[in-house]
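Inspection log for the structure reproduced underneath, given as structure tokens.
The values are calculated or read from the model by the stated rules, or taken from the named source; none is laboratory data. On a predicted model such as this, the values are computed, not experimentally measured, just so you know. FYI the Cβ positions are ideal-geometry reconstructions off the backbone, even for glycines, and counts take in every protein chain you see. We work out accessible area using only protein heavy atoms, side chains counted, and drop any ligands, DNA or RNA first. Shrake-Rupley method; radii C 1.70, N 1.55, O 1.52, S 1.80 Å.
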Amino acid sequence: MPSLAREFAQGTTAFLERTGRMTRFGLQLLALTPASLLRVRPIVDQVYNTGALSLVIIMTCGLFVGMVLGLQGYDLLTRFGSEEYLGTAAALSLLKELGPVVTALLFAGRAGTALAAELGLMRATDQIAAMEIMAVDPMKRVVLPRFLGGVIAMPLLTATFIAIGLFGAQLVGVQFFGVDQGSFWSQMRSSVELADVREGLIKGVVFGVACSLIAVYEGYNALPTAEGVGRATTRTVVISAVVTLILDYLLTALML
Amino acid sequence: MRPSRTIDISTGLFVLLGFAAILFLVTQITNREFTLNSTSYRLRADFENIGGLKTGAPVSMAGVTIGRVEDVRYDMKLLKAVVTLRIDGRYDEIPDDSDASIYTAGLLGGQYVGLSPGGSEAYFKDGDRIGFVQDAVVLESLISKYLFSKAGEEKPAAAATAPAQE
């Protein structure tokens, strides 16, 4: 029993330590951001890596999430005889929840793991140590562009996901089930407000910051072994997913 | 690393697509705010019951949105709901005996104010009060009215059959 208590205490301290270190890491990045925004080239490369390369998976998933919404929404709404609200239902669920959250989960899986593995491998192969020897700050040179690239890419991916999802919902609702095209869009327009779009994009930005930070932190601080790199990528996905869902609750409660 | 030209082009495409998506979300799926130009004017209407009418609800004439509900408040002296309507300046020739009613859009939709034109030669001016109003229809009162009228119908019928049984 005492050993269990000790383990619990150790676990708690480790968690607190990790949280504190991640916060410090994030603040360091924040402090370095203004100066490195001038060096556009590496950031563009990372927007390409995290954003453009994630586009196909985001669009495919967006289409299918939207189509499922079309199916489920149609089934649910016909029970109340109000299938003309399908557009509203699809738009609001995509904008407020599914768009940002699913994009963040996919982003963590596609871009976050790539970032963590890349940085972890750089650590394991002593590239980061070599940079330090050459008096090149690896935080500024390697970590920050990756973080900023992710932060820029994430809201754009979210918006793309939502837009494609709406077309998916429209495809199923209007083309397959014959919901009236006019009422699909007009009901959506009359009940979706600018605040809903803003909520979705704010969530996208916040999740982008969180997932990118977790990915670069885990990668940069990976143990310099093959196992360490593997563990860093796993941790990236797990922590990103948990943090995204917790943040989602908090943000929703704040903005509702 | 691939040649940087390819990266630039795909990054550019990605960013453009992202912004196009944002633009689509902002302009296409939200209610495009009915923009009132500076020449808009206000009308007032006092209702006994406004149902679920809210600020920002459309004011329409023959189905065309010509303004918005600007303010809804309860007047303690009149004991009525005072609704301020803001009408677009383009529609400045509404006969001053037009009447205002509160309708519901669809079965579950939001409520709006509908104006039906009267026959007067004079037009509404800024700050005028709409004289003829019709309150919102409250579903419960309709149902109870219907039930009471049913009950009223059944009584005489019962009275008519009662003597026959005796």
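Of all the listed residues (A:Thr88, A:Thr158), the sole one being out of contact with any Asp or Glu (no Cβ under 6 Å at 6 or more places or on another chain), under 23 Å from A:Ala215 (Cβ atoms) and in a helix (DSSP H, G or I) is A:Thr158.
Within segment B:67-99, take every residue that is under 19 Å from B:Ala122 (Cα atoms) and of a type in the set (Val, Ile, Thr) and give me the one that is surrounded by the most Cβ atoms within 10 Å (Cβ to Cβ). For segment B:67-99, the residue satisfying everything is B:Ile87.
When segment A:87-106 is filtered for residues that are away from chain B (no Cβ under 13 Å) and surrounded by 23 or more Cβ atoms within 10 Å (Cβ to Cβ), only A:Ala104 remains. Against the numbered list (1) out of contact with any Phe, Trp or Tyr (no Cβ under 7 Å at 6 or more places or on another chain); (2) closer than 26 Å to A:Glu199 by Cα; (3) buried (at least 20 other Cβ atoms within 10 Å of the Cβ); (4) modelled with pLDDT of 90 or more, A:Gly62 comes up short only at (1). A Cβ distance below 6 Å, combined with a sequence gap of six or more or placement on separate chains, defines the contacts here; from segment B:92-112, residues that are of a type in the set (Gly, Ala, Ser) reach residues that are open to solvent by less than 20 Å² (accessible area, probe 1.4 Å) and modelled with pLDDT of 85 or more in the pairs B:Ser98/B:Leu115; B:Ala100/B:Ala45; B:Ala100/B:Val113; B:Ala100/B:Leu115; B:Ala100/B:Ile130; B:Ser101/B:Gly114. Taken over segment A:187-208, the criterion of being open to solvent by less than 10 Å² (accessible area, probe 1.4 Å) and at the interface with chain B (Cβ under 9 Å from one of its Cβ atoms) is satisfied by A:Met188, A:Val192, A:Val197, A:Gly200.
For (1) in a helix (DSSP H, G or I); (2) under 30 Å from A:Asp126 (Cβ atoms); (3) of a type in the set (A, V, I, L, M, F, W, C); (4) free of Cβ contacts under 8 Å to residues at least 24 places away in the same chain, each residue gets a yes or a no:
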position	(1), (2), (3), (4)
A:Ile202	yes, no, yes, no
A:Val205	yes, no, yes, no
A:Ser240	yes, yes, no, no
A:Leu250	yes, no, yes, yes
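Kindly establish whether A:Ile133 is of a type in the set (A, V, I, L, M), open to solvent by less than 10 Å² (accessible area, probe 1.4 Å) and under 27 Å from A:Leu30 (Cα atoms). Taking the combined requirement at face value, the residue does not satisfy it. Counting the residues of segment A:168-185 that are without any contact (Cβ under 8 Å) to a residue 60 or more places away in the chain and either more than 17 Å from A:Gly70 (Cβ to Cβ) or open to solvent by 50 Å² or more (accessible area, probe 1.4 Å) (or both) gives 3.
Suppose the filter is part of a helix (DSSP H, G or I), modelled with pLDDT of 90 or more and either surrounded by fewer than 20 Cβ atoms within 10 Å (Cβ to Cβ) or not hydrophobic (A, V, I, L, M, F, W, C) (or both); does A:Gly120 pass it? So A:Gly120 fits the description; yes. If you go through segment A:34-59 and keep only what is open to solvent by 20 Å² or more (accessible area, probe 1.4 Å), more than 10 Å from chain B (Cβ to nearest Cβ) and more than 18 Å from the chain's Cα centre (by Cα), you end up with A:Pro34, A:Ala35, A:Leu37, A:Leu38, A:Arg39, A:Val40, A:Pro42.
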